[in-house]
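Here is the structure we will look at, set down as C-alpha cells.
The values are calculated or read from the model by the stated rules, or taken from the named source; none is laboratory data. On a predicted model such as this, the values are computed, not experimentally measured, just so you know. Glycine gets a Cβ as well: all are built from the backbone with ideal geometry, and neighbour counts include every protein chain shown. Note: accessible area is taken over every heavy atom of the protein model, side chains too, but ligands, DNA and RNA are not part of it. Shrake-Rupley method; radii C 1.70, N 1.55, O 1.52, S 1.80 Å.
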Amino acid sequence: MNQPTVDQAVRRFAQTPEPARAQVQALLEQLNDALARRDSQAAADLFATECYWRDLVLFTWNLKTMEGQAAIKHMLDAQLQAIESAVFGLDPNELTDEADGVCSAWITVDTKAMRGYGHIRIKEGRIWTLLTTAQELKGHEEPMGTRRPMGAEHGIRRGRQTWQDRKLAEAANLGVTEQPFVLVIGGGQGGIALGARLRQLGVSHIVVDRYERPGDQWRSRYKSLCLHDPVWYDHLPYMPFPDNWPVFAPKDKIGDWLEMYTKVMEVNYWSSTNCLKAHYNEAAKEWEVTVQRDGQELVIRPKHLVFATGMSGKAFVPSIPGQDVFKGAQQHSSQHSGPDAYAGKKVVVIGANNSAHDICAALWEHGADVTMVQRSSTHIVRSDSLMDIGLGDLYSERAVASGVTTKKADLIFASLPYRIMADFQVPLYDRIRERDAEFYQKLENAGFMLDFGDDDSGLFMKYLRRASGYYIDVGACDLVIDGSIKLQSGKGISHLSENAVVLDDGTELPADLVVYATGYGSMNGWVADLISPEVANKVGKVWGLGSDTTKDPGPWEGEQRNMWKPTQQEAMWFHGGNLHQSRHYSLYLALQLKAREAQLPVQVYGLQEVHHTR
C-alpha cells in the first residue's frame, strides 16, 4: 500500500486544487447529515474499509482510536445521544492538499459541550484517517486573548485585595482549610505543564514534589545531561522558548526555565514535599493523601489524583549475585551525579542506551577508564540525521518557515494512528541508514550490536512501544568506535566480585564504580508503593501500545496504556512523557479534569481493559 510521506502530510502552501476541497466539503456535509440523523451506520459507511478515527476526548471523553467501520459505528451508537450534536467543517484559514491519491484537510468540529479541531485524510472518496481533538469546553474557555483578565483593578475602594494578597491567601489556605480538586504527584515538566493548564482553566490544584526547587529533577542528574530533542519539539504550553534558546538545552538551563515557568504561570507548587501514602475514600469520592511538608504530616483530600512521575516508574536495578560483596560504589543512572570523583578510576556502565552513552562519554572526558556492557542490541540514530530526516518536516526552523507551528506539528503527529505510524517511519529510517551507512558499519566493526526496531521503524516507535532501547548520538559513538569507551557486547553478567564485574564468559572487568543504566519499571510501581499493590494491578501496566514487539506485549491497545485518560481506578490518572507529550497531552487531561470539576455530563467510551499488571 502506498503511504504518503511526512513531507506530503505537512505540505501547505501549494495551490489547493478546488476539486479536492470540494470533495472534502461534500464528504463532511454527508457526515454532518448522518450524525444529525443519528444514523451511525450511514456515518460509518463514509469511511474506507481500512480506516481509523482517533479521538482525543471530543467524542469519547477518552483517548481512543477506532479501527474499521464496525468500531466507528460501535462508538457512535454509544456516544451520539450524549454528544447531542456534532458539526464538522473545513478550516477556512487552511488549504486542502492532494498528493498521491490522498486528500488532506484541517477541520473544525463543534459539539454541544466542546469546540474541537482535527485533521482528515480521504482516499478513493472515503475517509481513511480522521483526528478529532477537544480544544475547549463551552462556557469554560481559558482567559486568553480578548478574555484575558484585567489584572490590576482600577478605581479606589476600601478592603480590596491586590494580586499579591490573593496569591498569598490561596497559598496559605489551599491544602489546609481548602482542599484542591486535583493533586498532582511529581513536579517535573509533566506536573508543571499540567499545573499551568489547570490554572488557566480555574481548577484548584497542588503539584507536589520532593525536591527543594522546581527544576531540581533536572539539576540533580549527571552533569553532561542535555535535551537530545531540538527546541522546536520541546516548548511548554502558553510560553514557548525564546528565539535565542539553544537547539539542545543543557539540563541546568532547563531546570531554571521550569522554575521560572512555575512562578510565571502561577502553578500551586509544593516543593520539599514527600507523599507517604494514599487511599481512595469510596463513600466521600475523594482521596486521602498523607504528605510530609516542612517536617509535618498533613492529609490532603483532593477529588482527583494524578501521577506525573515521568513516563517511567521506579529505577530498575537488576539483581546480580555479589552486589552485597562488591566493595566499590554502585549507582543507578538516575543517582549518578557526574564524573568528577572518578578521574583515573575504573568504571563499568551496564547498559547501552541514552543514559549509558552520556555517562560513559562524560566519564571518559574526565579521565576515567570506562567500559560499557551491552547485553542486547540498541537502536542508534545520529542527532543531525534525526534533526534533518526524522524531525525536520515538523520541528525545525525549516518547518516554522513553511507554516508548521509547534501546535500544528503536534496535531500532524497525532493524526497518524499508531497502527500505521510505523509505515510512515520505516522510509525515514531507511534514508537514515543509507545516509549513515559508513557510521553504522564502523559501529558494528567495533562489536556494537545495532537494530532499527523489530520492524525497522526506528526511534519513535521504540519510544512509544517501550521507551527504551535507543541512543540519539551526540558524539559518544565515536568513542565506542575508536575504543576510548571500551565495549563488551552480547554478554550477560555472571556476578560481582569484591572489585570487578564478572561476565558470563568469565571476563573480569575491574571496577571502582558500577553504574546501572538499566532503565525504569512501569509507572504503576509508584501506585503500588503509595496506595497498594492491589490498586497498581487494578490499573495495570502503564505505557506501550500492545504492539507485540520486544518489551511491548500484546494484545493491541491502539493508544498508550493508561496515559492521559481514565483508568480502571476511579479518579486516578497518569501524565508525563517527554516535553512534547507533556505539552500536547496536558491539554486533554486538563479538559477532562475541568469537565468533572464543572460537573458536566461525562460519558467515557472504551475504558481500557487491563492485560498486564506490571
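Candidates in region 85-123 are the residues that are modelled with pLDDT of 95 or more and charged (D, E, K, R); of these, the one that is most open to solvent (accessible area, probe 1.4 Å) is LYS112.
Take THR613 and tell me if it is buried (at least 21 other Cβ atoms within 10 Å of the Cβ), in a loop (DSSP other than H, G, I, E, B) and in contact with a Gly (Cβ under 9 Å, 6 or more places away or on another chain). Criteria not met by THR613.
Scanning region 441-460 for residues that are closer than 30 Å to GLY554 by Cβ and either touching a strand residue (DSSP E or B) at 6+ places or on another chain (Cβ under 8 Å) or not in a helix (DSSP H, G or I) (or both) yields a count of 12. Within region 528-537, the residues that satisfy the criterion of being closer than 22 Å to GLY190 by Cβ and open to solvent by 10 Å² or more (accessible area, probe 1.4 Å) are ALA528, ASP529, LEU530, ILE531, VAL535.
Yes or no: region 134-149 includes at least one residue that is modelled with pLDDT of 95 or more and surrounded by 23 or more Cβ atoms within 10 Å (Cβ to Cβ). Yes; the residues of region 134-149 include at least one that is modelled with pLDDT of 95 or more and surrounded by 23 or more Cβ atoms within 10 Å (Cβ to Cβ).
Residue-wise test of (1) more than 20 Å from the chain's Cα centre (by Cα); (2) within 30 Å of GLN323 (Cα to Cα); (3) touching a residue at least 12 places away in the same chain (Cβ under 8 Å); (4) open to solvent by 30 Å² or more (accessible area, probe 1.4 Å).
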| residue | (1), (2), (3), (4) |
| --- | --- |
| ALA517 | yes, yes, yes, no |
| SER522 | no, yes, yes, no |
| VAL539 | no, no, yes, no |
| GLU559 | no, no, yes, no |
| THR567 | no, no, yes, no |
| ALA571 | yes, no, yes, no |
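Candidates in region 59-75 are the residues that are within 13 Å of VAL604 (Cβ to Cβ) and open to solvent by less than 30 Å² (accessible area, probe 1.4 Å); of these, the one that is farthest from the chain's Cα centre (by Cα) is MET75.
Within region 323-331, identify whether any single residue is over 28 Å from ILE432 (Cβ atoms) and touching a helix residue (DSSP H, G or I) at 6+ places or on another chain (Cβ under 8 Å), and answer yes or no. For region 323-331, residues over 28 Å from ILE432 (Cβ atoms) and touching a helix residue (DSSP H, G or I) at 6+ places or on another chain (Cβ under 8 Å): absent. On the stretch given as region 247-271, residues that are touching a Lys or Arg at 6+ places or on another chain (Cβ under 8 Å) and either surrounded by fewer than 14 Cβ atoms within 10 Å (Cβ to Cβ) or within 25 Å of GLY202 (Cα to Cα) (or both) total 7.
Listed here are the residues, each with its yes/no results for (1) within 24 Å of VAL299 (Cα to Cα); (2) assigned to a helix (DSSP H, G or I); (3) in contact with a helix residue (DSSP H, G or I) (Cβ under 9 Å, 6 or more places away or on another chain); (4) aliphatic (A, V, I, L, M).
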site	(1), (2), (3), (4)
ILE122	no, no, yes, yes
THR129	no, no, yes, no
GLU142	no, no, yes, no
ALA169	yes, yes, no, yes
LEU183	yes, no, no, yes
GLY190	yes, yes, yes, no
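Scan region 283-298 and tell me whether some residue there is modelled with pLDDT of 95 or more, under 29 Å from the mean Cα position of the chain (by Cα), of a type in the set (Ser, Thr, Tyr) and open to solvent by less than 70 Å² (accessible area, probe 1.4 Å). Yes: region 283-298 contains one or more residues that are modelled with pLDDT of 95 or more, under 29 Å from the mean Cα position of the chain (by Cα), of a type in the set (Ser, Thr, Tyr) and open to solvent by less than 70 Å² (accessible area, probe 1.4 Å).
Residue pairs whose Cβ atoms lie under 7 Å apart, separated by 6 or more positions or on different chains, with the first residue in region 26-37 and farther than 13 Å from ARG126 by Cα and the second assigned to a helix (DSSP H, G or I), are ALA34/ALA42; ALA34/ALA43; LEU35/ALA43; LEU35/LEU80. The single condition among (1) at pLDDT below 95; (2) open to solvent by less than 10 Å² (accessible area, probe 1.4 Å) that LEU496 does not meet is (1).
The residue pairs whose first member lies in region 264-289 and is over 22 Å from GLN189 (Cβ atoms), whose second member is of a type in the set (D, E, K, R) and assigned to a strand (DSSP E or B), and whose beta carbons are closer than 6 Å, counting only pairs six or more residues apart or on different chains, are HIS279/GLU288; ASN281/GLU288.
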